[in-house]
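As structure tokens, the structure follows; a few thoughts come after it.
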Amino acid sequence: MSPSMTQQLPHPDDLSNEELAAQAQAWRRLALRGDRGARAPAHAYETALRERVRATMAAELIANATAGPAPKRPWWRRLWPLSTEQRISS
């Protein structure tokens, strides 16, 4: 049993994204080496990290969606682009 396992684990909410990623990676490394007691902390930290990433991505998508879509060109403009004269006058 490693000495780090006898200590109280930090709660994922108390860690920054970088610290949380480091904890998840360290515990997963221990679990992959065969330490059965490291499986649960590795899973907990990885789950918390995924939830944070999803929340961040969702917030960005919502912010981009509220900005409004870019105006679309009519489909036929791809076939018949504006002539040089029309580009200058518009």
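General remarks:
- Hits in the range 1-18 (condition: surrounded by 11 or more Cβ atoms within 10 Å (Cβ to Cβ) and either modelled with pLDDT of 95 or more or more than 23 Å from T56 (Cβ to Cβ) (or both)): S4, M5, L9
- When residues of the range 51-62 are limited to those that are surrounded by fewer than 11 Cβ atoms within 10 Å (Cβ to Cβ) and among the charged types (D, E, K, R), the one farthest from R28 (Cα to Cα): E60
- The condition of being out of contact with any strand residue (DSSP E or B) (no Cβ under 6 Å at 6 or more places or on another chain) and modelled with pLDDT under 90 holds for A67.
- Cβ-Cβ under 6 Å pairs, at least 6 apart or on other chains, the range 30-56 side farther than 18 Å from H11 by Cα, far side of a type outside the set (S, T, Y) and surrounded by 12 or more Cβ atoms within 10 Å (Cβ to Cβ): L30/A38; A31/A38; A31/R39; A31/A42
- Residue satisfying all of: in the range 19-41; more than 26 Å from A55 (Cα to Cα) and out of contact with any Leu (no Cβ under 9 Å at 6 or more places or on another chain); surrounded by the most Cβ atoms within 10 Å (Cβ to Cβ) among these: L30
The values are calculated or read from the model by the stated rules, or taken from the named source; none is laboratory data. Predicted model, so just to flag it, every value in this text is computed and none were measured. Neighbour counts are summed over all protein chains in view; Cβ atoms, including those assigned to glycine, are modelled from backbone coordinates with ideal geometry.
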